[in-house]
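Below: one structure, written as structure tokens.
Read the figures in this text as sums done on the coordinates, not as results from a lab. Owing to the predicted nature of the structure, the values given are computational and were not obtained by experimental measurement. For neighbour counting, all protein chains shown are included, and Cβ atoms are generated from backbone atoms with ideal geometry for every residue, glycine included.
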Amino acid sequence: MPTSRKNQKSPKQKLLESSLRFLSHRPRSRSELTTYLERKTSDSDLIDQVLHELDELGFINDQKFAAWLIRSRLKHNQKGSIFLKYELKRFGIGRDLISTSIADIDDSTWIQAARDLLAKKRLLPTPKPTYQQKAKAYNYLKSRGFESSTITRAIDEKDY
């Protein structure tokens, strides 16, 4: 039986539905969604229309995406602000929004994340760690993207 014209979806509708499925898994940045749509079609006008409609519906918000990514990485991966700045940039978030989003997290949260990571890895096992133990802890936190001032405070102010 031939398909009636009413049941056929327009290219815009197909792209919009595909985008909504893509967005249903986790929040996405505008840049990430644009790249996804560019893989689906080369029609830039159609991509702009879909992005505009998704924006109007509230599905695209780089500020909310940045806040979600930071919270997620702090909770699950325990990454520092240096790493997160790089990762947000990789997702196409603007420099000003990155700075604002990182600044919204207070210092005590970064320090606590560093301390939690040290405790998890048991890097400072004694009440008075040696220079070598502190150096090892410092290097580990640095490799996870924590800033030097955060690392120093997490190591020196550690409650045992």
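Would you check if residue 93 is within 29 Å of residue 61 (Cβ to Cβ), surrounded by 20 or more Cβ atoms within 10 Å (Cβ to Cβ), in contact (Cβ under 8 Å) with a residue 40 or more places away in the chain and of a type in the set (Val, Ile, Thr)?
yes
Select the helices (runs of 4 or more DSSP H) contained entirely in the range 66-139, then report the ones holding at least 2 residues which are closer than 15 Å to residue 157 by Cα and of a type in the set (D, E, K, R).
Per the criteria, 107-121.
Name the residue that is surrounded by the fewest Cβ atoms within 10 Å (Cβ to Cβ), counting only residues in the range 58-90 that are under 11 Å from the mean Cα position of the chain (by Cα) and of a type in the set (A, V, I, L, M).
My answer is 67.
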